[in-house]
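All remarks here apply to the structure that follows.
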Amino acid sequence: MLYRIAGQFKTSYQKDQALFPVQQDAWLLGIILLFAWLILPLTASEFVFQTLLIPVLIYALAATGLNILTGYAGQLSLGTGAFMGVGAYACYKMVTIFPDLNLFIAVLLSGTFSAMVGVAFGLPSLRIKGFYLAIATLAAQFFLIWLFEKWAWLYNYNASGAIQVPNLDVFGIAVAGPLATSMAQYYFILIVVTLITVLVINLTRGNQGRIWKATRDMDIAAELIGINLLKSKLMAFAVSSYIVGVAGAMFVFLWRGAAEPNLFDIELSFRVLFIAIIGGLGSILGNWLGAILIVALPVILNTVPGVVGLEIKSATVEHINVMIIGALIIFFLIVEPHGLARLWALIREKLLIWPFPH
Amino acid sequence: MEMLSKIFVEPFADMVAAPDFLMQVIWEGLVSGVLYALIALGFVLIFRSSRIFNFAQGIMVVFAALTLVGLHAMGIPAWVSVALTLVVMFIIAVAIERIVLRPLVGQPDIILFMATIGITLFLVGTGETIFGGENKVMITSELGIPTGDVVLEPFGGFLLLQHLDITVVISAALLVCALLVFLGKTQMGRAIRALGDDHQAALSVGISLQTIWVLVWFVSGIIALVTGIAWGARAGVSFALEIIAFKALPVLMLGGLESITGAIIGGLAIGVLEKMFEIYWGQPLLGGNTEVWFAYVLALGVLLFRPQGLFGEKIIERV
């Protein structure tokens, strides 16, 4: 039907290995990009920007970073929140030390700081594996949050202990701080996210991606076929923390506007991990599906009682939301442990061979 | 030079100068260490029998304590509430096995870990909806836990031991002994250990996976209740208690995920060492509150030399 591939002939091996072996995929992506770049930003209200579009982009980027480490290279990390914090604080310091720095450069550079911190905390991964490593990354989580609180230089010694985003503009358009419009912020994030996503897709499809996958599937076997585990694992930590750091910088600068150390606590790490796992480990698409689900779910749950006409106290709604999200996580894991991306792959498979069942 | 002296000389000089204060610090650390060890025990039991890294152990502690206090607030006598709480923990164990674990058997570890985080969120939400989020007082005197303190005078100094803490240490020791007897001497306990050694072999001699899982989660629930009562009596019952679950994780790293001995020794060691580090190094040099990360960094250091923890099973990898 929609996914009929009759008539699309592959005449070379390269064509068969192309990013979109089926033309409809390319069309679908084109439509999604059209929505992301034009239709959604032009039609969205302030509320939609702030509660749906911007968070989805940022969380999807953070999950992409985590997914490289956990999904592609197989190293479970619970310290994502803290690495996002490193990115945010690095960006804050750069912007306050060099006020004329273009925010694009500041955001992209702040990732390098979290990459360095990520590599430092990734070093134990050469000795420690599995859950032991996961707990070891918690060391990064707790230590860094503590550092954000105690190291006054990081927040310029201000009395509140929080960082406040100043007014910043790029090429004359205000993008950060109280003066910025949501649309400018959205486009700023969209540019960075698109850039990084394209790079990541290429990275994971190339040689480095195969090295990571070999490391994930069995690191001893990978070592035996000549993969340098030290390089492979540290590279995964570096790339992953870089992306997570960039996401963290945008999280504060282009969405929250201010941050306290506890914004980056373990709950943020878990939220990103949910997105990566529910979306699907080892899949770029999954990060987006997961981010949409996790961001939209609370919004939907908050509006449902009002629409149905139930009068519930907002605190109770909050509690029930937590309960429902917990239940839904379990539900999704039971229905499809390999994530939403896998679910989409199955649907696509069915569409390709429709009307035949096999 | 001055810095070096502050790090390597002065803390030890302080310790020698005031041995009674040092003993006080060690005692405080020991009591929290006992509680860390208890939570870690809950983890270890579940991990050994099912290879599930049960993140929900911390929230089970809170949930047990909340249920107990909540039931008592409805006017039910203290000991009856304890019994009812145990019933609730049993229902939770059965529900988790039925609804969550059974469909997920054989999935990768990370999926099961994620599922336990789902359970955590669910229990947090449920607990807050039913009992409310505010801080509550543990029904210490109703349960007959003595309050008050003993003052000892070692080296002509001053050492204060809370009755409550002494009770906690003794009851934790009894619980651990009971658990060891249960695991070592009873048929059920042997079945749990068999399952921990080899799932398939255990299944083939007729051990029921489902029954054992319910049992293990229930035992963890009992441990959670004891921990909840003890910790709640010290710090009040609220969802902030969940944080001690994070304290139990480095204990597991240090002691090894499979080892009961490791959990106990690791718990005590971390309890004492983090308290000493906080008092003698953290507060004077690092601005305090080092307890949140010290245990992790310590465990990380140990793990670099022994990747399976101090008492964990040796990791053998084959291609």
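The values are calculated or read from the model by the stated rules, or taken from the named source; none is laboratory data. Values in this document were obtained by computation on a predicted structure and should not be read as measured data. Here Cβ is always computed from backbone atoms with ideal geometry, including for glycine, and neighbour counts include all displayed protein chains. Accessible surface areas use protein heavy atoms only, side chains included; no ligands, DNA or RNA. Shrake-Rupley method; radii C 1.70, N 1.55, O 1.52, S 1.80 Å.
Take the Cα coordinates of the protein assembly as shown, assign each an equal point scatterer, and use the Debye formula without solvent to give log10 I(q)/I(0) at q = 0.05, 0.10, 0.11 Å⁻¹.
-0.26, -1.04, -1.25
Semi-axes of the equivalent ellipsoid of the stretch A:228-312: what are they in whole Å, largest first, if each equals the square root of 5 times a C-alpha gyration tensor eigenvalue?
Three semi-axes, in Å: 31, 18, 10.
Over the stretch A:22-263, what relative contact order in percent results from Cα pairs under 8 Å that are six or more residues apart?
Result for the stretch A:22-263 is 38 percent.
For the stretch B:83-121, which residues drop by 50 square angstrom or more in accessible area between the chain on its own and all protein chains together (1.4 Å probe)?
Buried on complex formation: B:Ile110, B:Ile111, B:Phe113, B:Met114, B:Leu121.
Classify the stretch A:15-85 from the C-alpha gyration tensor, please: rounded if a/c falls under 1.5, else prolate or oblate depending on whether a/b exceeds b/c.
Since a/c reaches 1.5 but b/c is at least a/b, the shape of the stretch A:15-85 is classed as oblate.
Ignoring everything except DSSP H segments at least 4 long, calculate the 222 nm mean residue ellipticity for chain B; use -39,500 (n - 2.57) per segment, divide by total residues, nearest 500.
Per the formula, -22500 deg cm²/dmol.
Any idea of the accessible area per residue across the stretch B:166-297, 1.4 Å probe, to the nearest Å²?
38
For chain A, what is the mean residue ellipticity at 222 nm derived from helices alone (per DSSP H run of n ≥ 4: -39500 (n - 2.57); sum divided by total residues; nearest 500 deg cm²/dmol)?
My calculation for chain A gives -21000 deg cm²/dmol from helical runs alone.
Can you pull out the buried accessible area for chains A and B, both sides counted, probe 1.4 Å, rounded to the nearest 100 Å²?
Answer for the A-B pair: about 4200 Å² buried.
Among the listed pairs A:Lys10/A:Lys350; A:Lys231/B:Lys247; A:Lys233/B:Lys275, which have their C-alpha atoms separated by more than 26 angstrom in this model?
In this structure, A:Lys231/B:Lys247; A:Lys233/B:Lys275 exceed 26 Å between Cα atoms.
Can you give me the % of accessible surface on the protein assembly as shown that is carbon or sulfur? Probe 1.4 Å, all protein chains present, nothing else counted.
69
Let me make sure I get this right: for the stretch A:22-263, a, b and c are the square roots of the gyration tensor eigenvalues over alpha carbons, sorted descending. Under 1.5 in a/c it's rounded, otherwise prolate if a/b > b/c, else oblate. Which is it?
Cα axes put the stretch A:22-263 in the oblate bin.
Measure nothing fancy, just the Cα-based angle from helix B:78-95's long axis to the longest principal axis of chain B, in degrees from 0 to 90, nearest 10.
60
Using +1 at the C-beta of Lys and Arg and -1 at the C-beta of Asp and Glu, which of B:Phe239, B:Gly206, A:Val299 has the Cα lying farthest in the positive direction of the dipole of the protein assembly as shown?
Of the options given, the answer is B:Gly206.
Helix B:291-305 versus the longest principal axis of chain B: what angle, 0 to 90°, nearest 10, using Cα atoms?
The angle comes out near 70 degrees.
For the stretch B:24-305, what's the relative contact order in percent, using C-alpha pairs closer than 8 Å and at least 6 residues apart?
Result for the stretch B:24-305 is 39 percent.
Enumerate the aspartates and glutamates that A:Lys150 could reach by cross-link, defined here as Cα to Cα under 17 Å, with residues fewer than 8 away along the same chain left out.
Hits, sequence-local ones excluded: A:Glu260, A:Asp265, B:Glu278, B:Glu291.
Plugging the Kirkwood radius over Cα pairs into Stokes-Einstein for chain B, at a temperature of 10 °C and a viscosity of 1.306 mPa s, what D comes out in µm²/s?
Answer from the Stokes-Einstein relation: 76 µm²/s.
How would you rank A:13-24, A:315-326, highest first, on the average number of other Cβ atoms within 10 Å across their residues?
A:315-326, A:13-24
So, by mean Cβ neighbours within 10 angstrom, what's the order for B:242-255, B:23-36, B:101-114 with the highest one leading?
B:242-255, B:23-36, B:101-114
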